[in-house]
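The values are calculated or read from the model by the stated rules, or taken from the named source; none is laboratory data. Everything numeric here is computed off the predicted structure, so don't read it as measured data. Cβ atoms come from the backbone with ideal geometry, glycine included; neighbour counts cover every protein chain shown.
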Amino acid sequence: MSESPVIRVEQLQKTYDKVEAVKGIDFEVAEGEVFGLLGPNGAGKTSTIEILEGLRPRTGGNAQVLGFDPDRQNQQLKDRIGVCLQATNLPAKMRVQEALELFGSFYTRSISSEQLLKRLQLWEKRAAFYETLSGGQKQRLALALALVNDPQLLFLDEPTTGLDPQIRLEIHGLIEEMKAEKRTVVLTTHYIEEAERLCDRVAIIDEGKIVAMGTPRELQQKSQEQSRIDILCGQPMNAAALPQWPDALESRLSEDGKSLTVYSSRPARTLFEIMKWLDQQGMQLEDVHLKRPTLEDVFVELTGKKLRD
Amino acid sequence: MKQYLAIIAMDIKLALRLRAVIFFNFLFPLIFFFTFATVLRGEPGAMTFVVTMSVTLGVLGSGFFGAGIRAIQEREMNILRRYRVTPITPAPLLVGSMVTGWVIFLPYIVLLLLMAHFLYHMPLPSHFFQLLLFISLGLIAFRSLGLVIASVANTMQEGTILVQLFYFPMLLLSGATFPAEKFPRVMRIIHNFVPATYLVQGMQNIMVKGQGLMEKQNLAAAGVMVLTIVGGMLISMKLFRWEKEEKIRGSAKLWVFAVLAPFFAMGIWKWFQT
């Protein structure tokens with residue numbers, strides 16, 4: 001972690017009446033990092049992000065965002081950050097470019113609406129009423145509004161929820177552009193592939209607590225799950241001749257002897273040995289597939305829940 | 001100031017694009033105007049009654065529906081939620097609503113007075129600009145009241161009930177739609193406690209009696225409206241909610257009565273006078 005993180009959270013707590021939504025969490029986000037908060041609905045990730053955006057007061061602990069206290073300096077903070085919230089709307093009869101110009105006027109610094117519209121592929125739609133935009137266009141406009149003050153820190157709360165896969169990929173592309181521009185991004189999601197693809201580090205949050213934190217790869221490596229290697233050969237393999245592969249816990253051969261499945265804790269080493277053996281046996285390899293444990297597997301292991309529970 | 005101007009400019013554009021605003025602010029009162037003006041044509045004093053009724057309909061519609069219901073809609077549709085993440089405070093949004101209502105409504109008042117004069121031969125009031133000023137205060141006061149209702153209503157359903165509870169009694173008991181002189185005694189007492197009464201009476205004083213705004217009774221009514229505007233703004237800012245999930249406790253509805261307190265004080269004063 002860099003010496004002065006963009007976000008520093010210590011023992012953060014949030015209580016609604018008697019419900020503890022956030023139970024004393026700690027994390028830091030470095031400049032230029034894409035940090036993911038991963039968790040099911042009701043895990044506490046939206047409460048956490050809304051405290052950091054200056055939208056809700058915290059019940060306990062400390063939080064610093066861009067050097068500001070979100071509770072006490074929320075106007076200065078809001079002027080410097082970009083936020084894309086879940087489920088927001090604009091007036092039906094507001095035009096796309098008007099929205100950008102209006103929201104730009106709220107900040108001490110803003111960038112040209114033309115530049116943003118072209119970048120987010122909304123230039124053709126600049127005169128369209130908000131009510132006529134598709135879901136993807138509305139979400140691109142939401143991202144444009146989050147960028148209107150040229151923020152160095154962006155909060156994206158479930159930016160692709162409810163969008164079809166094609167639009168989701170488009171939004172992923174835009175977030176990758178923000179990452180390439182060295183903007184710091186805090187992203188909440190319950191799409192595992194989103195976190196794996198976009199985040200430098202992920203915190204898995206459940207019932208108001210962080211249950212694991214690290215790069216997606218570190219978290220995958222912590223998993224107790226085994227990697228699975230699937231081999232398909234042109235000829236049947238002899239079950240009796242199958243050796244004990246290094247680091248393999250289990251091997252299964254299909255009835256026709258052509259498909260072999262091996263579970264391994266060190267899949268690269270095991271796969272290398274399998275390839276060597278197949279070559280020695282003169283077997284014709286038709287297909288090979290390696291499946292590592294996903295963040296979803298890690299999440300289920302840690303919380304006993306599915307992400308979309 | 002940049003935020004205020006941007007909000008006001010956008011609110012005016014949006015209002016002029018909405019059919020409901022055009023209908024409730026212009027067409028609906030105009031339908032009443034032409035219907036009653038045609039029916040009552042030639043009766044002495046009829047045109048000032050028709051103009052007063054049409055203006056009151058417009059003012060109450062603008063206040064309760066234009067400001068109140070629209071503010072609830074924006075909260076319910078998660079529009080205010082989008083504003084909330086920016087550095088904007090409730091003040092520009094509330095002031096924007098007041099100014100927009102006034103900018104849109106004022107040309108209608110002028111048009112109405114000119115139509116009454118040129119089409120139905122109603123003499124133009126000698127204190128024309130004081131009348132416009134008085135109506136403007138009334139309009140902003142009732143928009144202020146509409147915004148307080150929006151602040152204390154948790155849902156659109158609650159807001160609609162509250163608006164109807166105020167709109168119809170004000171329309172029927174203020175003397176705008178039925179001459180107050182014909183009310184029975186009990187209704188005349190209630191009439192003095194109805195806020196819209198002071199708008200109707202002030203307009204009639206200026207148009208029929210040729211009084212200026214500085215006459216004691218009109219000045220008191222204008223003062224009460226100014227107090228309502230200030231009180232309404234302060235209460236709306238205090239109770240402003242950005243999100244539909246932020247509910248307000250039931251007792252907060254009493255704030256509506258707080259903003260109406262100056263009118264109740266006028267009612268008590270009138271009661272003792274009679």
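With a cut-off of at least 3 residues that are touching a residue at least 60 places away in the same chain (Cβ under 8 Å) and within 15 Å of B:L199 (Cα to Cα), name the helices (runs of 4 or more DSSP H) lying wholly within segment B:46-100.
Filter on segment B:46-100 gives B:46-60.
Picking from B:P123, B:P107, which residue would you name as being more than 12 Å from the chain's Cα centre (by Cα), of a type outside the set (D, E), part of a loop (DSSP other than H, G, I, E, B) and surrounded by fewer than 14 Cβ atoms within 10 Å (Cβ to Cβ)?
B:P123
Mind listing just one residue for me: the one in segment B:148-206 that is touching a Lys or Arg at 6+ places or on another chain (Cβ under 6 Å) and assigned to a helix (DSSP H, G or I) and, of those, farthest from B:M237 (Cα to Cα)? Spell out the reasoning first.
Just the residues of segment B:148-206 that are touching a Lys or Arg at 6+ places or on another chain (Cβ under 6 Å), to begin with: B:152, B:154, B:192.
Applying the additional criterion that residues be assigned to a helix (DSSP H, G or I) yields B:152, B:192.
Values: B:V152: 11, B:N192: 29 Å.
Per the stated criteria, the residue is B:N192.
Could you please find all residues in segment B:221-246 being among the β-branched types (V, I, T) and within 13 Å of B:A261 (Cβ to Cβ)?
Residues satisfying the conditions are B:V224, B:T228, B:V230, B:I235.
Do you know which of the residues in segment B:1-42 that are small (G, A, S) and surrounded by fewer than 16 Cβ atoms within 10 Å (Cβ to Cβ) is nearest to the other protein chains (Cβ to nearest Cβ)?
Of everything passing the filter in segment B:1-42, B:A20 is nearest to the other protein chains (Cβ to nearest Cβ).
Among the candidates A:E273, A:E255, A:E250, single out the residue that is of a type outside the set (S, T, N, Q), surrounded by fewer than 13 Cβ atoms within 10 Å (Cβ to Cβ) and touching a residue at least 12 places away in the same chain (Cβ under 8 Å).
From the options A:E273, A:E255, A:E250, the qualifying one is A:E250.
Among the numbered criteria (1) within 14 Å of chain A (Cβ to nearest Cβ); (2) over 20 Å from B:Y167 (Cβ atoms); (3) modelled with pLDDT under 90, which one does B:P123 miss?
So B:P123 meets the others, but not (1).
Restricting the search to segment A:53-94, which residues are surrounded by fewer than 19 Cβ atoms within 10 Å (Cβ to Cβ), at the interface with chain B (Cβ under 8 Å from one of its Cβ atoms) and touching a helix residue (DSSP H, G or I) at 6+ places or on another chain (Cβ under 8 Å)?
A:A87, A:N89, A:K93
How many of the residues in segment A:144-188 are within 10 Å of the chain's Cα centre (by Cα) and more than 19 Å from A:G32 (Cα to Cα)?
Number satisfying all stated conditions: 1.
Of the residues that sit in segment A:100-116 and are in contact with a helix residue (DSSP H, G or I) (Cβ under 9 Å, 6 or more places away or on another chain) and more than 9 Å from chain B (Cβ to nearest Cβ), which one is surrounded by the most Cβ atoms within 10 Å (Cβ to Cβ)?
Selected residue: A:L100.
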